């Protein structure tokens, strides 16, 4: 069900160009929000986000979402705008987490838990809840993706038939993913491969 747009008001520090992200659809459609400068804080491009959320359209409403390497927060903000019930966003960068908290305040959104923490360390702890949708866009060439996926599965962080989005430098079919994850969709933009996986519970 469509929601009315939040009354427009400028985000603090918003500017034209790379220091900004645009929410594509949902409650906050076309809102522009500030993004701090820094490596790893560039928003996922609009075209990629639009493709991803077209894939997730039947599943995002009411979902519990985890964004393990949130960076700019573009994915988690888009998910909340499109009706996700709640979200947890993790990042070790204090500028990223502080900015995302500010943006949620600008949007007057009480949903969303933003934690300044290392994703692998967080996922090594006991599962505090289980998620319907997970976004994984870690820094490349650090072997973070496979380790994160294994922790999600082994730590029981995922609901039955959860959806997992990944961005990687490698072809998705070559990634050492958990045996019960099925590759649902994949595309490539430039040198980045992005894919959507579905967890098939009980099919290890």
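The values are calculated or read from the model by the stated rules, or taken from the named source; none is laboratory data. Every value quoted in this text rests on a predicted model; they were computed, and no experiment measured them. Cβ sites come from the backbone with ideal geometry, for glycine too, and all protein chains shown count toward neighbours.
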Can you pull out the residues in region 18-51 that are modelled with pLDDT under 90, over 18 Å from residue 196 (Cβ atoms) and part of a loop (DSSP other than H, G, I, E, B)? 18, 19, 35, 36, 37, 38, 39, 40, 41, 42, 43
Among the numbered conditions (1) modelled with pLDDT of 95 or more; (2) out of contact with any helix residue (DSSP H, G or I) (no Cβ under 9 Å at 6 or more places or on another chain), tell me where residue 172 comes up short. (1)
Residue 159 fails exactly one of the following numbered conditions: (1) modelled with pLDDT of 95 or more; (2) within 21 Å of residue 71 (Cβ to Cβ). What is the number of that condition? (2)
Could you grab me the full set of residues in region 130-143 that are on the phi < 0 side of the Ramachandran plot and at pLDDT below 95? 137, 138, 139, 140, 142
